[in-house]
Amino acid sequence: MREYTDTHEWVETVDGVATVGITTAAVSEIGDIVYVELPKIDKSVEKGTCVCIVESTKAAVDIESPVSGTIIAVNEALQRDISLLNKKPESDGWLFKMRV
């Protein structure tokens with residue numbers, strides 16, 4: 001089941017692995033995203049802490065972790081094609097995966 005935060009992150013957990021991204025509404029608010037700083041794999045994070053940063057033509061925005069856990073994967077496709085985050089933030093534009 002997918003859950004949404006008040007700060008426009010989404011999380012979907014399956015078998016102890018949470019996939020995290022930002023909502024379509026967040027992308028609309030932030031503007032055209034031009035860069036993302038993804039977290040390091042194996043990094044432990046606490047719920048509510050800044051995990052990565054997205055930068056748009058308007059601003060840089062901290063992305064908070066909606067759950068606590070360890071980063072196990074990042075969406076490498078975003079490094080090659082940042083438009084995935086602008087066009088499909090709630091599917092192909094996911095940011096990272098965590099073991100919760």
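Every read-out reported here was derived from the displayed coordinates using simple, explicitly stated rules and does not represent laboratory data. Please read these numbers as outputs of a predicted model, since none were measured by experiment. Every residue, glycine among them, receives a Cβ derived from its backbone with ideal geometry; neighbour counts consider all protein chains shown.
Taking the alpha-carbon distance from Lys43 and a cut-off under 17 Å, which aspartates and glutamates remain once sequence neighbours fewer than 8 residues away in the same chain are dropped?
Asp62, Glu64, Glu76
Hey, got a sec? Which GluC sites (Glu not before Pro) in the range 1-66 land in a DSSP loop and have at most 16 other Cβ atoms within 10 Å?
Within the range 1-66, the qualifying GluC sites (Glu not before Pro) (loop, at most 16 other Cβ atoms within 10 Å) are Glu46.
Glu55 to Lys88: extension gain in nm, 0.36 nm per residue of separation minus the Cα-Cα distance?
Computed gain between Glu55 and Lys88 is 10.2 nm.
Here are several values of mean projected area of the Cα convex hull in nm²: [x] 5.4; [y] 5.8; [z] 6.2. Which one was derived from the coordinates shown?
Of the listed options [x] 5.4; [y] 5.8; [z] 6.2, [x] comes from this structure.
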